[in-house]
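Have a look at this one before I ask anything.
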Amino acid sequence: MKKVVLVDDRKSRQEIYSESISNALEHSVLDNIQGEYLISLKAKMNERDTSVFDQYSVIIFHRSFLEQSYRLLLKDYVINTEKYLVLFSGGTPATILNNRILSINSKELYSSRLIDFLDDAENTDKPNLQILAFGKKWKLNLLYTLSDQIQNYLGSIQEIGKSVPLNVLKQRIGYTSSFCQFFPKSKILSSFETISDGKMVNINEELSILLEELANIINVEIHSNEIITN
């Protein structure tokens, strides 16, 4: 059963990454739309028809192939139908996963991540965009990224002991509520969620506590991965 559809109007782009993704493009759960099928699909899109995607759980498009109006239509479609949308482009500077929509650079999409994502989709009912966005060890990658962002931010602070509203602090370090969802056993992350966003918090104190907790979670994740590998 085809669960994922990939639409890229430039075959040459896939050929550039062919060594990394040849197995992925022939995967049993992937429909890789090329040639005359692109023409047929474009006609459906010009009619603002989304029914062609009803059979898929995940829709992957090169951003330039979509007109803005149809892109907005697709975003509403995936949210209303509980599907997932991936928009990729060589001009996308950073990976952003927001709700059911992922924006990713072409180089990141056409990598081993795509194979790992498709393998996982083949064996599960609910596709995991985290794998496509951050790799097979996506939890560890998220933890390391947040830890680095916190340390970089702490290094840039001019005033020691300064306080800011919690929502401002979260924004500056790139913290989202998804961390609490991914690591529900963490009491520190849970308490971080229960504090009112407008409450003034001491930057150094809060982030020192958060860094220590992230280090503990990272150790647990590394140990878990070692057990699975062995």
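Residue by residue, what Karplus-based ³J(HN,Hα) values in Hz, rounded to whole numbers, does segment 185-192 have, using 6.51, -1.76 and 1.60 with θ = phi - 60° and x for Gly and Pro?
Along segment 185-192, the couplings run 7, 7, 5, 5, 5, 5, 5, 4 Hz.
Which peptide among 125-133, 199-207 comes first, and what is the full order, when sorted by highest mean count of other Cβ atoms within 10 Å? Intermediate values should be presented prior to the final figure.
On the way: 125-133: 18.1, 199-207: 15.6.
Ranking the peptides 125-133, 199-207 by packing returns 125-133, 199-207.
While we're looking at this one, here's another question. Can you give the % of DSSP beta bridges in the chain that are antiparallel, to the nearest 5? It would help to have the intermediate numbers written out before the result.
Values: 6 of 24 bridges.
DSSP beta bridges in the chain are roughly 25 percent antiparallel.
With respect to the cross-link table entries Lys83/Lys185; Lys3/Lys75; Lys162/Lys185; Lys42/Lys83; Lys11/Lys42; Lys3/Lys44, which display a Cα-Cα separation exceeding 22 Å?
Working: Lys83/Lys185 28 Å; Lys3/Lys75 18 Å; Lys162/Lys185 30 Å; Lys42/Lys83 20 Å; Lys11/Lys42 16 Å; Lys3/Lys44 20 Å.
Beyond 22 Å between Cα atoms: Lys83/Lys185; Lys162/Lys185.
In addition: Rg to Rh for segment 139-229: what is it, with Cα atoms only and Rh by Kirkwood? Walk me through the numbers before you get to the answer.
Working: Rg = 13.5 Å, Rh = 13.7 Å.
So for segment 139-229, dividing Rg by the Kirkwood Rh gives 0.99.
May I pose another question? Tilt of helix 68-81 relative to the longest C-alpha principal axis of the chain, in degrees (0 to 90, nearest 10)?
That helix lies at roughly 70 degrees to the long axis.
Okay, moving on. Can you give the charge dipole size of the chain about its Cα centre, rounded to the nearest 20 debye, using +1 on the beta carbon of Lys and Arg and -1 on the beta carbon of Asp and Glu? Display every interim value, and only then the final one.
On the way: 25 positive and 29 negative charges, 82 e Å.
So the dipole magnitude of the chain works out to roughly 400 debye.
As I understand it, the value is the acute angle between the Cα axis of helix 203-229 and the longest principal axis of the Cα atoms of the chain; what does it come to in degrees, rounded to 10?
Approximately 50 degrees, to the nearest 10.
For segment 158-230 and segment 126-146, what is the separation of their Cα centres, given in Å?
Cα centroid to Cα centroid, the span is 17 Å.
I would also like to ask the following. I need the shape label for the chain. Rule: rounded when a/c is under 1.5, else prolate if a/b > b/c, else oblate, with a, b, c from the alpha carbon gyration tensor. Walk me through the intermediate numbers first.
Working: a/c = 2.31, a/b = 1.82, b/c = 1.27.
Cα axes put the chain in the prolate bin.
Given contacts defined as C-alpha pairs under 8 Å and at least six residues apart, what's the relative contact order of the chain, whole-number percent?
Values: 276 pairs, mean separation 33.7, N = 230.
Computed over the chain, the figure is 15 percent.
Report, in deg cm²/dmol and to the nearest 500, the calculated mean residue ellipticity at 222 nm for the chain, where each DSSP H run with n ≥ 4 adds -39500 (n - 2.57) and the sum is divided by the residue count.
Details: 12 runs with 128 residues, N = 230.
The per-residue figure over the chain is -16500 deg cm²/dmol.
Return the Rg/Rh value of segment 4-134, two decimal places, where both radii are evaluated on C-alpha atoms and Rh is the Kirkwood radius.
Values: Rg = 13.6 Å, Rh = 14.8 Å.
My calculation of the ratio gives 0.92.
Throughout, read-outs are computed from the coordinates displayed, never taken from laboratory work. These figures come from a predicted structure and were not determined experimentally. All Cβ positions, even for glycine, are placed from backbone atoms using ideal geometry, and neighbour counts span all protein chains on display.
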